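Taking it in order: structure first as structure tokens, then the write-up.
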Protein chains: 2
Amino acid sequence: MSEPRTDPSEIRRTITAAIRSSLIAKGHATKAELSRSLSLSFPTISKFVSLMEKEGELRSIGLDDSSGGRRAGRYAYNPDFMLGLAVYLEKEETRYSVFDCMGEAREEGIAPSVLTEGIGALQLQVEELMAKYPRMRSLAIGVPGSVKNGKIGYIPGYGRYEGLELKAYFEERLQIPVRVENDMNAAVLGFAAKADEAESASLVYLYFGNNGPGAGIMANGTILRGNTSFSGEISFVPMDGQRNFGQALQERGFLDGRTLDEVHVDAVARLVAAFTVILNPKRIVFCDSEADEALLERIGQRSRSYVPLEHLPELVHSHWPSDYLGGLKTLSLEAMISQDLFSSRTEG
Amino acid sequence: MSEPRTDPSEIRRTITAAIRSSLIAKGHATKAELSRSLSLSFPTISKFVSLMEKEGELRSIGLDDSSGGRRAGRYAYNPDFMLGLAVYLEKEETRYSVFDCMGEAREEGIAPSVLTEGIGALQLQVEELMAKYPRMRSLAIGVPGSVKNGKIGYIPGYGRYEGLELKAYFEERLQIPVRVENDMNAAVLGFAAKADEAESASLVYLYFGNNGPGAGIMANGTILRGNTSFSGEISFVPMDGQRNFGQALQERGFLDGRTLDEVHVDAVARLVAAFTVILNPKRIVFCDSEADEALLERIGQRSRSYVPLEHLPELVHSHWPSDYLGGLKTLSLEAMISQDLFSSRTEG
DNA sequence: CCAACTTAGTAAACGTGTTTAAAAAGTTAG
DNA sequence: CTAACTTTTTAAACACGTTTACTAAGTTGG
């Protein structure tokens, strides 16, 4: 009961997106290269590339050296053509980043938090940036709560955002595609994009914060949300006796901005084992502010008492804020890339 | 870097598959209905349907009553056009089922086990059935071991099958599409198909056998295999103290064909909690031979001490053998449906 | 029973990606 | 520096789903 998509505008959109994606990933390419890598005929690629160049989206960057015949023209994506905006809402502040398709930041900044103020304040901040950057073409919003289809679910401590259709709200008002995602899920997306993981990879991003631990989970290349958006609430994993993981972390006094204490190694190892047995991920990522190399080594060691070594995921650490932002950029970029060039051409 | 599929033969295959799928699901339809539900133009549907009728794949079943205008011709899928074969390898025997696109069994039977004999014996059994049913168009094989891309991985106790490219082996020799799947994964697919789960559903199928427990896991609509095909080896989930789930089941003497003992309720509840926290599935399915309604109620009760009630999955039981077979049928049917009508037309 | 209306199906024109043929632009050997 | 060869690009013919116009077949009211 799947719907084949054979309408011309859909095909055109797909081809445009493929060219954009390929050109941005590779940096530059010739028409022949695109034709080969995208499995589209040369004339089709030629038509699209020429049109996109005329629109200013692509730039010719000269001719290749000859490889035995006529020299090929080489094209690059024009990074000024479209910009993206990533906004992440935090307790104390709202952070934002304006960036181009190469991921280069054009402007980054911190604004007052809107979590207590409501959506109007956020809308003002976004509209200000859109006015300043008229080529803004997509928006990604990261929030510290559960999200499903652009709608905010449970968001502890910020009741006025609960149940809000954030994606629909901004798409209607801004007329650009909007993506909304939970912070941990964005981080796991960002890490996967950075690490250039295979499309079907499974990956877990762990965070042990002051507001209780959480995990972002990617399985078979997609973000796991679960039936009631409860996926990743690892605080409830049963441990020894009647304790759960959250309680185990707090016992013997848990961190306040400090590194994850070594006394919690066993609790984390049990968690790692549970993930291994259920998801069998390729990697589990820790925040580098919470776990260093030595600690990961100890956790890995301990995990081996629960699960055979050959099935244990690689335990790595990474910079959480960068991955979070990277994930939002990835989401924004995907939305940007799949836009139809001809749908809303109001400007000359 | 995705590859747009614009080649004519691919589009034709997609359209044919969509018509088959829709017609089989609905039982019958008119051209206009198909055109609407598949979002394809009437002339295209008309062309395909007429051709498929001429080939004998569809049958006209008369005219509808008029709904105010010319009466519409109604078409049904011919269940004799293609047959599927499901084979599942077990220790003591090989079971098989020949069935049509409606899932109706045409022949079912038991043959000697080939797990100790090797692949040659299996090939003979299959070829015999193919000779008897010349309209056999796809084969699904279920095995009690891990499978990835049609290749058998770890299969405890049957070393001669380990590492075998089962799918490639039979596709080459039989010239029909072949699917190979692990038994628990097939069961979860079968249950999902039967229960008509949403495409993005998460589902876990639990089994506590004599050879140790296992789980089939579906997340976001796809089967979870994991990085080293270790997903579902729930025997290793850490429990109280230094025990794991497998050991907890065996302590105090575990079942021999008997119902899951009530003394293991806490162990299962901890397992349920782990799944809830990581996958947050909609349902967890137990074999009805291992757990009855009353026991599920007790497990559910106990689980609530670990995880908030509103996030707990529904605990249900189902007939494992039926679900296993159903999953293989689903796989076989999918392969059948997506075949190109014109690729290998040797017969008149 | 015939005019007006409704729904199903067919035929021709159209749009768009592909295939095939030809031209353009370069390299290399003698 | 020209003949033979490569590779890139353009142009024309083709294939196939869609759109549009039209024909077929049925209903209903006067």
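Only one residue in A:Ala121, A:Ala198, A:Ala131, A:Ala168 is within 14 Å of chain B (Cβ to nearest Cβ), open to solvent by 20 Å² or more (accessible area, probe 1.4 Å) and without any contact (Cβ under 8 Å) to a residue 40 or more places away in the chain. Which one? Steps first, please.
On the way: A:Ala121 fails: within 14 Å of chain B (Cβ to nearest Cβ); A:Ala131 fails: within 14 Å of chain B (Cβ to nearest Cβ); A:Ala168 fails: within 14 Å of chain B (Cβ to nearest Cβ).
Among A:Ala121, A:Ala198, A:Ala131, A:Ala168, only A:Ala198 is within 14 Å of chain B (Cβ to nearest Cβ), open to solvent by 20 Å² or more (accessible area, probe 1.4 Å) and without any contact (Cβ under 8 Å) to a residue 40 or more places away in the chain.
Regarding A:Gly159, is this residue on the phi > 0 side of the Ramachandran plot and over 13 Å from the mean Cα position of the chain (by Cα)?
Working: on the phi > 0 side of the Ramachandran plot: no; over 13 Å from the mean Cα position of the chain (by Cα): yes.
So A:Gly159 does not fit the description; no.
Just checking, which of B:Leu63, B:Leu34 is open to solvent by 60 Å² or more (accessible area, probe 1.4 Å), free of Cβ contacts under 8 Å to residues at least 60 places away in the same chain, within 10 Å of DNA strand C (Cβ to nearest atom) and hydrophobic (A, V, I, L, M, F, W, C)?
Details: B:Leu34 fails: open to solvent by 60 Å² or more (accessible area, probe 1.4 Å).
Exactly one of B:Leu63, B:Leu34 is open to solvent by 60 Å² or more (accessible area, probe 1.4 Å), free of Cβ contacts under 8 Å to residues at least 60 places away in the same chain, within 10 Å of DNA strand C (Cβ to nearest atom) and hydrophobic (A, V, I, L, M, F, W, C), namely B:Leu63.
Which residue, of B:Ile284, B:Ile278, is buried (at least 18 other Cβ atoms within 10 Å of the Cβ) and facing chain A (nearest Cβ under 10 Å)?
Answer to the check: B:Ile278.
Could you please give the count of residues in segment A:11-34 that are closer than 20 Å to A:Asp100 by Cα and at the interface with another protein chain (Cβ under 7 Å from one of its Cβ atoms)?
Residues that pass the stated criteria total 4.
So how many residues does segment B:302-348 have that are modelled with pLDDT under 95, away from every other protein chain (no Cβ under 14 Å) and open to solvent by 70 Å² or more (accessible area, probe 1.4 Å)?
Total meeting the criteria: 6.
Quick check on my filter: what residues within segment A:26-52 are of a type in the set (D, E, K, R) and within 11 Å of DNA strand D (Cβ to nearest atom)? Quick ask: steps written out before the conclusion?
Filtering segment A:26-52 down to residues of a type in the set (D, E, K, R) leaves A:26, A:31, A:33, A:36, A:47.
Those that are of a type in the set (D, E, K, R) and within 11 Å of DNA strand D (Cβ to nearest atom): A:Lys31, A:Glu33, A:Arg36, A:Lys47.
Mind listing whichever residues of segment B:1-12 are more than 9 Å from DNA strand D (Cβ to nearest atom) and part of a helix (DSSP H, G or I)?
Selection gives B:Glu10 alone.
Looking at this structure, is B:Leu58 in contact with a helix residue (DSSP H, G or I) (Cβ under 7 Å, 6 or more places away or on another chain), within 14 Å of chain A (Cβ to nearest Cβ) and without any contact (Cβ under 8 Å) to a residue 40 or more places away in the chain? Break it down into steps so the answer makes sense when it comes.
Working: in contact with a helix residue (DSSP H, G or I) (Cβ under 7 Å, 6 or more places away or on another chain): yes; within 14 Å of chain A (Cβ to nearest Cβ): no; without any contact (Cβ under 8 Å) to a residue 40 or more places away in the chain: yes.
No.
Please work out which one of (1) at pLDDT 95 or above; (2) within 12 Å of DNA strand C (Cβ to nearest atom); (3) assigned to a helix (DSSP H, G or I); (4) facing chain B (nearest Cβ under 8 Å) is the condition A:Leu40 fails and give its number.
(3)
State yes or no: is A:Pro8 more than 10 Å from chain B (Cβ to nearest Cβ) and at pLDDT 95 or above?
No; evaluated as a whole, the condition is false for this residue.
With (1) within 11 Å of DNA strand D (Cβ to nearest atom); (2) crowded, with 16+ Cβ neighbours inside 10 Å as the list, and B:Leu23 as the residue in question, which single condition is left unmet?
(1)
The values are calculated or read from the model by the stated rules, or taken from the named source; none is laboratory data. The model shown is predicted, which means the values in this text are computed figures rather than measured ones. In this analysis, Cβ positions are derived from the backbone assuming ideal geometry, glycine residues included, and neighbour counts consider all displayed protein chains. Note: accessible area is taken over every heavy atom of the protein model, side chains too, but ligands, DNA and RNA are not part of it. Shrake-Rupley method; radii C 1.70, N 1.55, O 1.52, S 1.80 Å.
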